[in-house]
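Nothing in this text is a laboratory measurement; each read-out follows from the coordinates by a stated rule. Treat the numbers as computed from the prediction; the structure is a model and nothing was measured. Counting neighbours? That spans all protein chains shown, and the Cβs are built from the backbone with ideal geometry, glycine included.
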Amino acid sequence: MSRFLKEAFRTLVPYTPGEQPQNRKYIKLNTNESPFPPAPEVLDRVKNESELLRLYPDPDQKELRKAGAVYYGIAEDEIIFVNGSDEILAFAFEAFCDENTGVIFPDISYGFYSVYADKFGIDAVKAPLKEDFTINVDDYINTGRTVFIANPNAPTGIALPLSDIERIVAGNPDNIVVVDEAYVDFGGESALPLIHKYNNLLVTQTFSKSRSLAGGRLGMGMADREIIRDLNTVRNSTNPYNINRMTLAAGVASFEADDYFKEKCETIKDNREFTVSELKKLDFEILDSKTNFIFVKSPAISGDELFKSLREAGILVRHFTAERIREYNRITIGSRQDMESLISCVKEILENNEKI
Ligand SMILES: *Cc1c(COP(=O)(O)O)cnc(C)c1O
């Protein structure tokens with residue numbers, strides 16, 4: 001650290017992304033990317049758009065906002081696009097939290113919430129998940145805080161029914177409730193229909209997981225138009241060109257290639273059910289996932305050992321060290337072939353483990 005870094009940042013611990021190895025070829029099941037390429041139309045549009053790279057992108061995101069509004073059946077001023085949904089989470093912290101308005105989110109959830117709370121100096125309450133890793137809805141009523149809930153949650157994969165989300169939104173009429181739906185396309189229930197009923201709800205989604213565009217960096221927020229206006233104020237005071245041309249074009253084409261999108265989501269769900277049933281045969285405990293990953297634990301081997309053995313065998317999964325979840329691993333659902341390799345590798349690891 002240099003001697004110039006401001007006091008408040010000296011203890012800042014940044015978010016730890018899952019590794020993106022550049023050396024050896026792994027089966028990559030650690031960062032919830034899609035195993036499939038973007039739709040062919042998306043790639044074509046990106047290529048055409050790259051010819052215009054000398055020009056700034058449209059700071060109003062007009063074409064993409066129109067495509068998104070049509071796709072979701074909302075108005076063009078009820079949607080904002082961002083450089084990955086991490087960016088809108090940051091904008092929400094900047095716009096809707098301060099020394100008077102803290103935040104509340106589950107103790108086991110997306111790691112970025114506490115990183116942003118630290119970065120922006122916001123007081124954070126981490127409400128413990130119940131023993132079974134579900135959210136205790138009563139913890140989120142009348143909080144006096146900005147609420148952040150990932151639904152389905154990560155890294156558990158568990159989804160909260162829409163009725164519970166609605167209770168939380170209705171239970172905090174004077175605070176923003178952010179529902180982070182990064183994984184909603186894999187079987188969750190979106191809170192989007194509620195944005196016309198409640199003017200304190202912000203729904204965020206991403207193109208990184210279900211739309212095969214993690215490398216393009218594209219996310220979005222949907223809410224009452226006044227909330228979107230506030231977020232645009234933050235965006236335009238940060239970087240009005242937050243989304244590059246090629247990614248704007250990719251977003252439009254992705255909405256158009258809807259059959260491809262839906263088919264790939266179905267394939268992931270099938271592969272998830274296959275993987276769950278195979279791992280259950282090996283006595284794994286698996287939380288009920290509505291996402292493109294599963295959160296699993298074996299009675300026969302520790303979370304850390306399984307993580308390391310898989311890594312040695314060329315398969316990357318995600319292991320967290322927090323006390324409550326250290327025996328678990330989060331495994332991204334990849335292609336059927338990826339998952340078959342995973343299963344046979346796990347079998348081998350368990351067999352070798354028994355012999356010791
Ligand atoms: C992956 C993820 C995000 C952010 O994804 P982006 O790539 O920044 O769009 C946000 N929330 C959760 C819960 C995630 O898992």
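Axis of helix 225-236 versus longest Cα principal axis of the chain: the two differ by about 80°, to the nearest ten degrees.
Ellipticity at 222 nm from helices only: DSSP H runs of n ≥ 4 in the chain, each -39500 (n - 2.57), divided by the residue count, give -11500 deg cm²/dmol. When each of L162, L279 is scored by the number of other beta-carbon atoms lying within 10 Å, the sequence from fewest to most is L162, L279.
Computed from the Cα positions only, the extents of segment 217-259 along the three principal axes stand at 33, 23, 11 Å, in decreasing order. Taking the longest Cα principal axis of the chain as reference, the axis of helix 336-355 is set at about 40 degrees.
Using a Gaussian network for the chain with springs between C-alpha atoms less than 10 Å apart, which of these wobbles most: S34, S237, S114? With Cα springs under 10 Å in the chain, the top fluctuation among S34, S237, S114 is at S237. If the segment from V137 to A313 were pulled out straight at 0.36 nm per residue, it would be longer than the present Cα-Cα gap by 59.3 nm. Spin-label model, R324/S277: points 7 Å from Cα along the beta carbon direction are separated by 3.2 nm. Per residue, the Cα convex hull of the chain amounts to 156 Å³. Comparing N232, N136, N244 in a Gaussian network model of the chain where C-alpha atoms under 10 Å apart are linked, the largest mean-square fluctuation is found at N136.
Between the exposed loop cleavage positions of the chain, defined as GluC sites (Glu not before Pro) in a non-H, G, I, E, B DSSP state with at most 15 neighbouring beta-carbon atoms within 10 angstrom, the longest gap is 132-356. Were the residues from A75 through N352 laid out at 0.36 nm apart, the gain over their Cα-Cα distance would be 94.0 nm. Once both labels are positioned 7 Å from their Cα atoms along Cα-to-Cβ, the gap between F9 and S50 label points is 3.3 nm.
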